[in-house]
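Working notes, structure below.
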């Protein structure tokens, strides 16, 4: 039991435990660098990347460098970062860069660890991105209850401003970029880039239809590049160490590393950094291995899917996971053991999506609720005959008519468990029996838990 | 003073009044049948609120039109506009005079009843034409012209189809025609082609679907009735349904033995009881044909005006001629 | 061989059969259909949690409705009705937005006494000024208000809307969707985390134990007003799972015993009272 405000060993919030092992790149300096001091960061080679980008590579060169590194967005979509920048760069307007540190899923700890442990790394990546895209304004959107991250990022920005690393005439060149730190309201949907931009403008945090993409019309109508905090940290790392070094680990299509939050039935839940392409089983080992017999791993949180234990040699990589019905998400990695009911877990994720739905798109707002109801009927052993078909149809329709990726991927946990653990569904539906022996002890929570504040 | 003349006049006045009074309930019954049968064929219940089984729905409709505003367009020719519904209605009512309901129940037992019938029936086309012209409305006028074209065209095969039966029976009197059928069997057997032509032509003559080109709603709004409202429209409406009843009745008399039962007429049922017995069979058969016409209306779609006219001149007229020729030859050859 | 008229006979057979077939008409007043559970026979305007119509009579929906199915009435700034309609159905409101629509400066709320919330108006005005009145700062302003009052009082939201000239709907929506509290909580606010990490580390059992201890369900307050229990995915417990939050402090990882102990200890200290005049 703790009510410590910081972890003394790393200077991070106690929620974040950094696991040893893996391929530490972004996390290498966390705990070694003083997050409140620019000096400390510079001593460890900080802002060399920004200097190299501005002084040596130039804007086009920086984009080429990022393209050569093969960096893909770490926010879940896996869209090549350099392509995004190129699109934004050719569009006229007061270009903007936004760092997405909303932390949509509270179980994903990567962005928070970076913001608290090494805020200057994110800031440097943001400035490199702003330089490469020619943006004159940059916003760091931080989840409002990450008070320490907010405070440290604000301090970092102030320090960088004072040292002429940000703000007007960076490093004595004609490149100017005004950086502001803005609080963002926390909700799953606020992590979606168009919803984030709407929320930053003071509107309801709801996604808007694309196209136009934010790279064409984003914040206040200007072309806006929205990048995940972790992606920006990778940008800073590439700028400092070069593309070749970046691509040294990872797969050919997805080089580099990824921050992974491992939790569930593992000995040591926490945050790890692994090279993309690492087998899933090795990631479980990083967290001390499963506490029971591992049954499945839910990769990608509410928008991901289940990977069964016998498939765990699968590489942790965008395309492989996508082909398996899961996704990389924000690096969530839920390990379940044989005592976990897959139907109940699928229901949990869907219920989460239903509660967090912003309500703009009908297929999402109503579809998720209907899916939860169908799963509830299965859990209560009173399914309707059309339920299996309903679940498949609804999932496909939600995917086809989705406004945002949270919606299109919301049925993922259900579909993957339906494919891989159909016997559990059948046992629940036909006999009211839980093959994992878990249900019945855990009461099923109401569809929408009473929300006191609304 | 010749009392028989006075009695004849009195009898004529009485029967005419009775016939005129009969038209109104007849129209109600036919309309009610139309409502119920169309509803049934469309898997609905139809009117079932007013009266037992909803049987007074059409009556209420009839009284409703009395309460409606009677509007005459400014540019209309008031005299003819007012006259037209009356003409149409009277044509229908007058042709009812010769309908043989039962032995002893014929309002006017003319020896040329059939000729009288077709002559009077032809009057209604004048009424429709006048209505169309007097309304000062292009839809009305077109509808009136169409009605003239259609009804005049179809009157020819209609009349010719009956001539065969007349030649066969050798009489123009309805009562004698029915008696002939009592002895020789129904004309249905003798004149099947004549019957077919008569049925099709009669539907066209009284503007029933599928030949209701006169009031083809999609093209002509309501044809000659477009500008009519209130009870004036009610007269047209009633006349249409009375005509349906009359045509069915005439077909019954000409081809289906009129008041005759399908089996030999019981001899003991003479006098008043015999009249009632005849009335029963006449109305049964007549309303069966009314029902058939309604069923046709709900089954078939309206055909085009050119198909309609083409059928009259190219199909029905030659067919009626051939029928007449064959009948005449047969009568001469077999001395029927 | 095609026989002329055979098609007509076929049609007649169909309609004739239909005549005798069972009918499909519903005899409405006598036999009433049983409606599905989610049947909403009546179109109605949505109410916000304060019992006010959310509709602001802004006509935006009426303007975009392609079939012009929407019309409404309301009062303009002079008290004149701006559309015909029954006031009983279409709520009549004279709120600041009506003034704003009319291009007039927003007048203060007329029925301020309706809410028994006391807010620190000059302080809030200062906060709004401090952020320069930019709509982008809404979340920051909300955060400040929440940390001072424990929730977002409606009067504060109204003041934000009035001062910053932002539509009430936008202010309310941003606050609601942003996950802010809009109603006061009695006493200490105990939030049990229900995120995936906590759930698989035993969060359900922790919630059950605390429910049993306090004797209330999530969303309720204890009768003595010392504790309010709720659940949230947003505690962000991470490695502390299973965790709970009391007011702003996160505790974890907790065994059941520890959880009950923490809640019991905090219950002894006085919490924020959600009653009238918390702040003058």
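If you go through the stretch B:171-204 and pick out every residue that is outside any helix (DSSP H, G or I) and more than 30 Å from residue B:303 (Cα to Cα), you end up with 5.
For the stretch C:191-206, filtered to residues that are at the interface with chain A (Cβ under 9 Å from one of its Cβ atoms) and in a helix (DSSP H, G or I), the residue that is surrounded by the most Cβ atoms within 10 Å (Cβ to Cβ) is C:197.
Residue by residue, here is whether (1) modelled with pLDDT under 90; (2) in a helix (DSSP H, G or I); (3) over 20 Å from residue C:239 (Cβ atoms); (4) in contact with a helix residue (DSSP H, G or I) (Cβ under 9 Å, 6 or more places away or on another chain) holds:
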| site | (1), (2), (3), (4) |
| --- | --- |
| A:288 | yes, no, no, no |
| A:306 | no, no, yes, yes |
| A:327 | yes, no, yes, yes |
| A:365 | yes, yes, yes, yes |
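Does residue A:345 satisfy being buried (at least 22 other Cβ atoms within 10 Å of the Cβ), in a strand (DSSP E or B) and within 14 Å of another protein chain (Cβ to nearest Cβ)? No.
In the set (1) within 14 Å of another protein chain (Cβ to nearest Cβ); (2) part of a helix (DSSP H, G or I); (3) within 27 Å of residue A:328 (Cβ to Cβ), the condition left unmet by residue A:154 is number (3).
Return yes or no: is residue A:197 in contact with a strand residue (DSSP E or B) (Cβ under 6 Å, 6 or more places away or on another chain), outside any strand (DSSP E or B) and either modelled with pLDDT under 90 or within 20 Å of residue A:183 (Cβ to Cβ) (or both)? So residue A:197 does not fit the description; no. In contact (Cβ under 8 Å) with a residue 24 or more places away in the chain and on the phi > 0 side of the Ramachandran plot - does that describe any residue in the stretch A:50-59? Looking through the stretch A:50-59, none of the residues is in contact (Cβ under 8 Å) with a residue 24 or more places away in the chain and on the phi > 0 side of the Ramachandran plot.
Screening B:300, B:260 for residues that are closer than 30 Å to residue B:43 by Cβ and either touching a helix residue (DSSP H, G or I) at 6+ places or on another chain (Cβ under 8 Å) or at pLDDT 85 or above (or both) leaves exactly one candidate, B:300. Scanning the stretch A:169-194 for residues that are closer than 15 Å to residue A:99 by Cβ, away from every other protein chain (no Cβ under 14 Å) and out of contact with any helix residue (DSSP H, G or I) (no Cβ under 6 Å at 6 or more places or on another chain) returns a single hit, A:193.
Just one of the numbered conditions (1) surrounded by fewer than 24 Cβ atoms within 10 Å (Cβ to Cβ); (2) more than 14 Å from chain C (Cβ to nearest Cβ) is not true of residue A:166: (1). Given the condition more than 10 Å from chain A (Cβ to nearest Cβ), in a loop (DSSP other than H, G, I, E, B) and under 30 Å from residue A:365 (Cβ atoms), answer yes or no: does some residue in the stretch C:173-182 qualify? Within the stretch C:173-182, not a single residue is more than 10 Å from chain A (Cβ to nearest Cβ), in a loop (DSSP other than H, G, I, E, B) and under 30 Å from residue A:365 (Cβ atoms). Which residues, counting only those in the stretch C:207-242, are under 27 Å from residue A:271 (Cα atoms) and more than 8 Å from chain A (Cβ to nearest Cβ)? The answer is C:207, C:232, C:242. Within the stretch B:58-65, is there a residue that is surrounded by fewer than 16 Cβ atoms within 10 Å (Cβ to Cβ) and in contact with a helix residue (DSSP H, G or I) (Cβ under 8 Å, 6 or more places away or on another chain)? Among the residues of the stretch B:58-65, not one is surrounded by fewer than 16 Cβ atoms within 10 Å (Cβ to Cβ) and in contact with a helix residue (DSSP H, G or I) (Cβ under 8 Å, 6 or more places away or on another chain), which makes the answer no. Any idea which of (1) surrounded by fewer than 21 Cβ atoms within 10 Å (Cβ to Cβ); (2) without any contact (Cβ under 8 Å) to a residue 40 or more places away in the chain is the one residue C:218 doesn't satisfy? Every listed condition holds for residue C:218 apart from (1).
The residues in the stretch A:362-402 that are farther than 21 Å from residue A:423 by Cβ and either touching a strand residue (DSSP E or B) at 6+ places or on another chain (Cβ under 9 Å) or touching a residue at least 60 places away in the same chain (Cβ under 8 Å) (or both) can be counted, and the count is 3.
Does residue A:350 qualify as being touching a helix residue (DSSP H, G or I) at 6+ places or on another chain (Cβ under 8 Å), under 17 Å from residue A:300 (Cβ atoms) and either buried (at least 23 other Cβ atoms within 10 Å of the Cβ) or within 11 Å of chain C (Cβ to nearest Cβ) (or both)? So residue A:350 fits the description; yes.
When each of A:402, A:357, A:381 is tested for being surrounded by fewer than 17 Cβ atoms within 10 Å (Cβ to Cβ) and touching a helix residue (DSSP H, G or I) at 6+ places or on another chain (Cβ under 9 Å), the lone residue that passes is A:381. Applying the selection to the stretch C:243-268, what residues are at the interface with chain A (Cβ under 10 Å from one of its Cβ atoms) and assigned to a helix (DSSP H, G or I)? Passing the criteria: C:257, C:258, C:259, C:261, C:262. Of the residues making up the stretch A:209-230, those that are more than 14 Å from chain C (Cβ to nearest Cβ) and buried (at least 16 other Cβ atoms within 10 Å of the Cβ) are A:213, A:214, A:215, A:216, A:217, A:223, A:225, A:226, A:227, A:228, A:229, A:230.
When the helices (runs of 4 or more DSSP H) confined to the stretch A:48-144 are screened for residues that are within 14 Å of another protein chain (Cβ to nearest Cβ), those reaching at least 3 such residues are found at A:110-117. Take the conditions (1) over 18 Å from the mean Cα position of the chain (by Cα); (2) in contact (Cβ under 8 Å) with a residue 60 or more places away in the chain; (3) over 23 Å from residue A:436 (Cβ atoms); residue A:318 misses just one of them, which is (1).
Within the stretch B:16-34, does at least one residue satisfy the condition of being surrounded by fewer than 16 Cβ atoms within 10 Å (Cβ to Cβ) and either within 14 Å of chain C (Cβ to nearest Cβ) or touching a strand residue (DSSP E or B) at 6+ places or on another chain (Cβ under 9 Å) (or both)? Within the stretch B:16-34 (the criterion being surrounded by fewer than 16 Cβ atoms within 10 Å (Cβ to Cβ) and either within 14 Å of chain C (Cβ to nearest Cβ) or touching a strand residue (DSSP E or B) at 6+ places or on another chain (Cβ under 9 Å) (or both)), the answer is no, since none of the residues qualifies.
Does residue B:239 satisfy the condition of being within 14 Å of chain C (Cβ to nearest Cβ), within 25 Å of residue B:59 (Cβ to Cβ) and under 18 Å from the mean Cα position of the chain (by Cα)? So residue B:239 fails the test. A single entry from B:292, B:308, B:284 fulfils the requirement of being within 14 Å of chain C (Cβ to nearest Cβ) and either modelled with pLDDT of 85 or more or under 21 Å from the mean Cα position of the chain (by Cα) (or both): B:292.
Among the conditions (1) in contact with a strand residue (DSSP E or B) (Cβ under 8 Å, 6 or more places away or on another chain); (2) touching a residue at least 60 places away in the same chain (Cβ under 8 Å); (3) surrounded by fewer than 21 Cβ atoms within 10 Å (Cβ to Cβ), the only one that residue A:243 does not satisfy is (1). Kindly evaluate residue C:152 against the criterion of being touching a residue at least 12 places away in the same chain (Cβ under 8 Å), part of a loop (DSSP other than H, G, I, E, B), within 7 Å of another protein chain (Cβ to nearest Cβ) and closer than 18 Å to residue A:185 by Cα. Here the answer is no, as residue C:152 does not meet what is asked.
The values are calculated or read from the model by the stated rules, or taken from the named source; none is laboratory data. It should be emphasised that the depicted structure is a prediction, and the values quoted were computed from it without experimental measurement. Please note: Cβ atoms are built from the backbone with ideal geometry, for glycine as well, and neighbour counts cover all protein chains shown.
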